[in-house]
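Asker: Provided herewith is a single structure, encoded as structure tokens, for subsequent inquiry.
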Amino acid sequence: MTNNIHNLSRDTDIVIVGGGLAGLFCALKLAPRPVTLISAAPLGQGASSAWAQGGIAAAVAEGDTPEAHAADTIAVGGGLVDEAVALGIARDAAPRIHDLLAYGVPFDRDLEGKLAVGREAAHSARRIVHVRGDGAGAAIIAALSEAVRRTPSIRMVEGFIAEALLTADNAVTGLQLREAGNPSATPFLLAARAVVLATGGIGHLYAVTTNPREASGSGLAIAARAGAVIADPEFVQFHPTAIMTGGDPAPLATEALRGEGATLINDRGERFMAARHPLAELAPRDIVARGVFAEIEAGRGAFLDARQALGARFADKFPTVYASCIAAGIDPARQAIPIAPAEHYHMGGIAVDANGRSSIDGLWAGGEVSSTGAHGANRLASNSLLEAVVYAARIAEDIAGRDLPSPVRLSEASLTPHGGAPDAAAVARLRAMMSLHVGVIRDGRGLAEAVRHFAALERGAASLALRNMATTALLVAASAWRRCESRGAHFRTDHPADAPAMARRTMTNLAAARDAAKLLGERPLSHAAQPAIA
């Protein structure tokens, strides 16, 4: 059922923030226990998972195994994947696929009626389940949204954002909410016995992203500002084949196109990935993204060429990509598609355990806002949707098995009043700085400049929305500055090799990021590229 926020009791049981895959799936798994689901956009909109084209990785085909899937995950993770976590997720994959089928997701099937599976970069087997080629995300969210609307125990509150997490004695007490798109509106306090953050990623901290506008890092920020441990924030994945036609966000040309034989070429018609990696176009995403970036920086441009591999079959095989191209005046059956790397997925996030619990009592996190250890320094293609459903189910089971504390009465003194629209110029500068200094290619000087800028913004922003953006940007930049090596998706020109001593996950918090900024403020810029690693 859907309620206006002002009709809600201010004392609630379980609050889930986020209307994407993790939030919807968790709410359904908790049924018939009452939950309140907060979504910034109308249900089914504003979630990155709805835009996912690749599908879900799962060892459901004959001859494939969870162990092989886990091995592929570990191989691309830059030495930072928690192997037990990767194997656990791979083993939970088949049951979660069957859950999605039960909720009405129409996964593609072969002529024998079995689930059809495709192959994507760095997978050793065909194990990606799709919906109509490139429509998995939209179909999954549509099916789950309908299931949620049919479930009487789920109360939907659409059009509100969570802008602050309220705690006492390191335990959740509630949330501060505000009407989305109306930053001057009076905020609303909602008490909660348990909070699940499923708010998505950080894409709109970057000038070029494939994520919806709602993916601005707010969930990570409110958890960090409440004192939560944040894991691996420096590891940001850039999809190598965003369609460059001026859109914000940029449409995505799914990796499955390269799985079907599409190639990457420059403006001379030369394939450039074969010289960079034995797997060429099917190399891990970070390597392909840097290859595409290098061609663009060299002035040769980069293009996805599916003319020979698909030709006239393009429209039927990949209708979503085809529609994006046609809307931009490109016929991908006859023309190469202009591309560039775009922020696509954040491997970092709120540190959680195997049940999705954070370091704050009563706070769970699932989906892209969390960091489970499954992705390490570089996510394997199509593992994100899988991780979201696996952890959403685990969170629901964990909450259902716990005695939750009584709700705490909230005082208006708990309000953080900073409203008002974020300054558009300040947002544009933040996004440009993230792309320039905390993007595909990084170095110590640029990262130091970014850290100082974001720290000042985080201290002084008049708008709470802008302050939350700056908080997450500061966490990413500070951890990238401290990691003086290149590993996975984190590449620094001043430290181009990996450092074996740093083959460990980052565990940090907002205080540590602020300390990095203070350190940089006290030292000449010439020393900024050589931080001491704690």
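The values are calculated or read from the model by the stated rules, or taken from the named source; none is laboratory data. Note that the structure is predicted; figures quoted are calculated from it, not measured. With ideal geometry, Cβ positions are generated from the backbone for all residues, glycine too; neighbour counts draw on all protein chains shown.
Asker: Would you call ALA333 out of contact with any helix residue (DSSP H, G or I) (no Cβ under 7 Å at 6 or more places or on another chain), of a type in the set (A, V, I, L, M, F, W, C) and in the same structural domain as ASN266 (by TED's automatic domain parsing)?
Answerer: Against the criterion (out of contact with any helix residue (DSSP H, G or I) (no Cβ under 7 Å at 6 or more places or on another chain), of a type in the set (A, V, I, L, M, F, W, C) and in the same structural domain as ASN266 (by TED's automatic domain parsing)), ALA333 does not qualify.
Asker: Now a separate question. Would you mention how many residues in region 334-349 are surrounded by fewer than 20 Cβ atoms within 10 Å (Cβ to Cβ) and over 20 Å from GLY301 (Cβ atoms)?
Answerer: The number of residues fulfilling the criteria is 0.
Asker: Here are some conditions: (1) in a helix (DSSP H, G or I); (2) surrounded by fewer than 24 Cβ atoms within 10 Å (Cβ to Cβ); (3) modelled with pLDDT of 95 or more; (4) not assigned by TED's automatic domain parsing to the domain that holds LEU100. SER435 meets all but one. Which one does it not meet?
Answerer: (3)
Asker: Is there a residue being in contact with a Gly (Cβ under 9 Å, 6 or more places away or on another chain), surrounded by fewer than 23 Cβ atoms within 10 Å (Cβ to Cβ), part of a loop (DSSP other than H, G, I, E, B) and not assigned by TED's automatic domain parsing to the domain that holds VAL195 anywhere in region 311-329?
Answerer: Yes, that holds for at least one residue.
Residue-wise test of (1) modelled with pLDDT of 95 or more; (2) surrounded by 22 or more Cβ atoms within 10 Å (Cβ to Cβ).
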position: LEU189; (1), (2): no, no
position: ARG225; (1), (2): yes, no
position: PRO233; (1), (2): yes, yes
position: VAL236; (1), (2): yes, yes
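Asker: Among the helices (runs of 4 or more DSSP H) contained in region 61-158, which hold 3 or more residues that are among the charged types (D, E, K, R) and closer than 30 Å to THR36 by Cβ?
Answerer: Ranges flagged: 83-102.
Asker: Please indicate, with yes or no, whether at least one residue in region 265-288 is under 19 Å from SER324 (Cα atoms), of a type in the set (D, E, K, R), touching a residue at least 12 places away in the same chain (Cβ under 8 Å) and assigned to a loop (DSSP other than H, G, I, E, B).
Answerer: Scanning region 265-288, I find no residue that is under 19 Å from SER324 (Cα atoms), of a type in the set (D, E, K, R), touching a residue at least 12 places away in the same chain (Cβ under 8 Å) and assigned to a loop (DSSP other than H, G, I, E, B), so the answer is no.
Asker: Of the residues ALA138, ALA122, which is within 19 Å of GLY44 (Cβ to Cβ), surrounded by fewer than 23 Cβ atoms within 10 Å (Cβ to Cβ) and either within 21 Å of the chain's Cα centre (by Cα) or not assigned by TED's automatic domain parsing to the domain that holds ALA22 (or both)?
Answerer: Exactly one residue qualifies, and that residue is ALA138.
Asker: List the residue pairs whose Cβ atoms are under 7 Å apart, where the first residue sits in region 381-401 and is in contact (Cβ under 8 Å) with a residue 12 or more places away in the chain, the second is of a type in the set (Asp, Glu), and the two are 6 or more positions apart or on different chains.
Answerer: ALA381/GLU120; ALA381/GLU255; SER382/GLU120; SER384/GLU368; VAL390/ASP92
Asker: Report yes if some residue within region 393-406 is under 19 Å from ALA215 (Cβ atoms) and crowded, with 24+ Cβ neighbours inside 10 Å; otherwise report no.
Answerer: no
Asker: Considering region 180-190 alone, what residues qualify as being free of Cβ contacts under 8 Å to residues at least 60 places away in the same chain and not polar (S, T, N, Q)?
Answerer: Once the filter is applied, which keeps residues that are free of Cβ contacts under 8 Å to residues at least 60 places away in the same chain and not polar (S, T, N, Q), region 180-190 yields only GLY181.
Asker: Restricting to region 205-223, name every residue that is surrounded by fewer than 24 Cβ atoms within 10 Å (Cβ to Cβ) and more than 19 Å from GLN53 (Cβ to Cβ).
Answerer: ALA207 - this is the single residue of region 205-223 that is surrounded by fewer than 24 Cβ atoms within 10 Å (Cβ to Cβ) and more than 19 Å from GLN53 (Cβ to Cβ).
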